[in-house]
Amino acid sequence: MSSRRQPEHSGAMRALAGNSHQSSTRSVRNPLPLTLRQLIVLVSLLGLALAPLAHAASPIPHAARGLLLDAALNGHAIVAVGERGAIVRSVDSGETWESLASPTHATLTGIAFANPTIGWVVGHDGVILYTRDGGETWTEQFHAEDRETVFLDVAAIDTARAIAIGAFGVCYTTRDSGRNWLRQHLSEEDNHLNRITHGHDSELFIAGERGTLLRLPAFNKPAERLASPHEASFYGLTPVSTDTLLAYGLRGHIYRSQDDGSSWQRVASPLPALFSNALRLKSGTIILSGQARAFLVSRDAGRTFRAWQPPLTTAVAELLEAPNGLLLAFGEAGVTRLEPPDNNSAPEAPAPLSP
């Protein structure tokens with residue numbers, strides 16, 4: 001959840017993972033603030049960890065029951081990463097999982113594939129992993145000189161180009177399949193960069209703390225700072241349709257733009273929760289999730305949201321739509337399979353929307 005680690009862990013939950021076993025301080029300001037992924041971890045440590053695993057679906061193998069912070073589809077396979085270097089893989093829409101050998105014990109927070117064979121994973125300790133066989137095997141490709149570097153997310157442009165972002169504005173890019181990773185400066189500020197998302201054509205969007213919203217028109221173009229609608233931390237900036245964006249983050253803040261980020265409209269939320277990830281189903285339904293028991297559903301392209309109550313009581317760092325149509329929720333309970341709201345009989349709470 002994306003922070004997925006200590007410094008707002010690629011979201012909040014990803015930030016949560018980092019706090020549990022790593023402390024990092026800078027003279028610029030206080031130690032890394034909580035991110036959604038970090039919050040998820042803290043919440044689980046404070047209480048939810050005492051509860052049983054989510055009562056949703058079939059039993060999950062031990063390898064996929066630990067804290068998982070991100071996941072990616074790669075053809076018919078799904079690969080997820082998480083705490084203590086965990087890498088797990090499923091080839092049957094999440095029904096069974098296998099634990100893969102990992103070259104690191106660092107918490108892993110982001111994963112992306114360029115094609116069915118080439119992919120990257122990023123995480124704490126400035127580590128970047130690489131696969132050339134679709135995620136079956138991984139090697140350490142890069143280690144930042146500063147081991148306090150925390151990567152929170154990664155985007156694969158193609159088999160040669162990728163970009164990794166994270167705490168305190170850190171950004172590294174490669175143009176040669178990872179043989180060289182070069183430090184880049186996306187902004188004069190050092191705000192944590194929580195999540196990076198593909199837009200239309202070659203666009204990339206980045207969401208971060210203190211209202212940070214960035215657009216990269218193309219991989220080789222300078223980052224453009226979008227006019228931010230709020231100073232709170234954002235954990236995602238997701239394209240909904242052409243020129244329409246959805247930004248979400250702390251305390252239930254949701255904003256929608258219909259002019260590619262030039263102006264924003266507040267979207268009422270029935271839950272003042274932390275939202276760290278968004279998923280647009282093939283049906284067009286949009287789901288926001290993050291903090292434990294916090295799920296919102298929109299069936300009108302993000303104009304309105306209603307609370308959804310699936311049988312999952314733990315925080316979520318990432319949601320995926322599996323090849324068989326089920327939802328896979330990754331977070332503090334590992335991976336949980338859920339019926340999507342379009343098929344599920346679980347009611348959508350008719351709570352009044354607050355401004």
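Scanning residues 5 or more positions from His230 or on other chains, none has an amide H under 5 Å from its amide H, with H placed 1.01 Å from N in the peptide plane. The phi-based Karplus calculation (6.51 cos²θ - 1.76 cosθ + 1.60; θ = phi - 60°) puts the 3J(HN,Hα) values of region 313-328 at 10, 10, 5, 10, 9, 7, 10, 10, 9, 6, x, 8, x, 6, 8, 10 Hz, whole numbers, x for Gly and Pro. Note on Ser263 and Arg183: their simple-model spin labels are 4.1 nm apart, each label 7 Å out from Cα toward Cβ. Charge tally around Phe142: other residues with Cβ under 14 Å, Lys/Arg +1 each, Asp/Glu -1 each, net -1.
Phi angles across region 185-201 convert, under the Karplus curve 6.51 cos²θ - 1.76 cosθ + 1.60 with θ = phi - 60°, into 3J(HN,Hα) values of 10, 8, 8, 6, 8, 10, 5, 5, 9, 8, 8, 10, 9, 6, x, 7, 6 Hz, Gly and Pro given as x.
Lys221 exposes around 110 Å² of accessible area when a 1.4 Å probe is run over every protein chain in place. Using θ = phi - 60° in the Karplus curve 6.51 cos²θ - 1.76 cosθ + 1.60, the 3J(HN,Hα) couplings for region 248-253 round to 8, x, 5, 6, x, 6 Hz; x is entered for Gly and Pro. Pop the C-beta distance of Asp201 and Ser283 into the FRET formula with R0 = 22 Å and round what comes out to the nearest 0.05. So, using R0 = 22 Å, E works out to roughly 0.40.
Amide hydrogen proximity for Leu237: with H placed 1.01 Å from N in the peptide plane, the residues at 5 or more positions away or on another chain lying under 5 Å are Ala207. The local environment of Leu245, defined by Cβ-Cβ distances under 11 Å, has a net charge of -2 under the rule Lys, Arg +1 and Asp, Glu -1.
The values are calculated or read from the model by the stated rules, or taken from the named source; none is laboratory data. Since the model is a prediction, treat every value here as computed from it, not as a measurement. Cβ coordinates were reconstructed from backbone atoms using ideal geometry, including for glycine residues, and neighbour counts include every protein chain displayed. Note: accessible area is taken over every heavy atom of the protein model, side chains too, but ligands, DNA and RNA are not part of it. Shrake-Rupley method; radii C 1.70, N 1.55, O 1.52, S 1.80 Å.
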